[in-house]
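Below: one structure, written as structure tokens.
Every number in this text was worked out from the coordinates using simple rules, so none of it is lab data. Nothing here was measured: the structure is a model prediction, and the numbers come from that model. Methodologically, a virtual Cβ is constructed for each residue, glycine included, from the backbone with ideal geometry; neighbour enumeration extends over all protein chains shown.
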Amino acid sequence: MVKIAVTSDNHFDINKQDYQQILAQQSHYINEINPDFYLITGDLFNDFKKSMAYVSDLQQNVGPTKVLFIAGNHDMGRGTSFEELESPVNEHYLHNRYIDIPGTDWRIIGHNGWYDYLFAEGIDPEEVATFRRGFYYDRIIEQPMSDPERMDLGLQQMKVLLDDAKAANKQVIFMTHFAPIGDELIYPVGDRRWRMVNGVLGSPRTGELLESYDNVKHVFYGHIHVTVPPRERNGVTYYNTSVGYNRRRLQEWTADNFLDAWKNKVQQIVLTSI
């Protein structure tokens, strides 16, 4: 058997966590539950270099557990470039790559993902683009193309990875940051701004692509800070493992302290081969 543990959206800086303390605490818990793989689906820090440093430090502390990471939009905001994000930075960064689990027919595929405004129902795409450029965090992320074009590129990359896994007769665990399904979106009446936020949360095309492959079994993501149970659609089980923020006006943790909130949201699964 192979055990996988997954987390997302820890937001250490926004959540005001001391680096060394949370590193020690998370390392201790990971060693305690002893997964074979610990997957992080983005948003550790508002700085890619800090996020990658944390992943490397964590790996040193957790022995045989393999730590894998993909970038969320917050990681992309500083300390990196589009070109670097699209490159194989190191063995831990799994964007547009995969790793086969030895002795099994399972493959972990990673892709950061992106968005194309399709979740913004009833809103002109250009209005979402204006909102994104002017008010949303992602305005500081540099990219040489539009958001729909970046989503198109991502889908092309995903398809290559998924076709390869199908040809190799691999069962797939897919890790991404942005929402591949719209189950957690809300559409408040009369609130156009929130509808525009939906447009930058992910793309339904990601879920449609994943569900078109019968060997894709588990999909992990974050970005939307909600606590919901796993859901199965067309043979694919989706898990949102985001921890979220704890602010005076935005309390998303499932506990009154970060460590327990993180533990509550770590999703563990055990894999069996055919």
Can you count the Lys pairs in the range 2-271 whose Cα atoms are under 23 Å apart, with each pair 8 or more apart or on different chains? 23
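For the chain, list the DSSP H helices whose alpha carbon atoms reach 24 Å or more along the long axis and whose average Kyte-Doolittle value is 1.0 or above? Numbers along the way, then the final one.
Numbers: long enough: 147-167 (30 Å, -0.57).
None clear 24 Å together with a mean of 1.0.
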Name the residue from Gln143, Ser56, Gln268 whose Cα lies farthest towards the positive end of the charge dipole of the chain, charges +1 on Cβ of Lys and Arg and -1 on Cβ of Asp and Glu. Gln268
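In a shell of Cβ-Cβ distance under 15 Å around Ser27, excluding Ser27 itself, what net charge do Lys and Arg (+1) and Asp and Glu (-1) give?
Working: positive: Lys66, Lys263; negative: Asp18, Glu32, Asp57.
Combined, the nearby Lys, Arg, Asp and Glu give -1.
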Across Ile224, Ile123, Ile108, the residue with the highest GNM fluctuation in the chain (Cα network, 10 Å cutoff) is Ile123
Measure off 7 Å from each Cα along the Cα-to-Cβ vector at Asp100 and Ile33, then give the distance between these two points in nanometres to one decimal. 2.8
Using Cα springs under 10 Å in a Gaussian network model of the chain, which residue among Leu44, Leu23, Leu155 shows the largest mean-square fluctuation? Leu23
Only bridges with both residues in the chain count here: give the DSSP antiparallel percent, nearest 5. 35
Give me, ordered by chain and number, the residues 5 or more places off Thr237 or on other chains with an amide H under 5 Å from its own placed amide H. His218, Val219
GNM result for the chain, Cα springs below 10 Å: residue of His177, His28, His218 fluctuating most strongly: His28
Note down the nm distance, to one decimal, between modelled labels 7 Å out along Cα→Cβ at Glu208 and at His92. 3.6
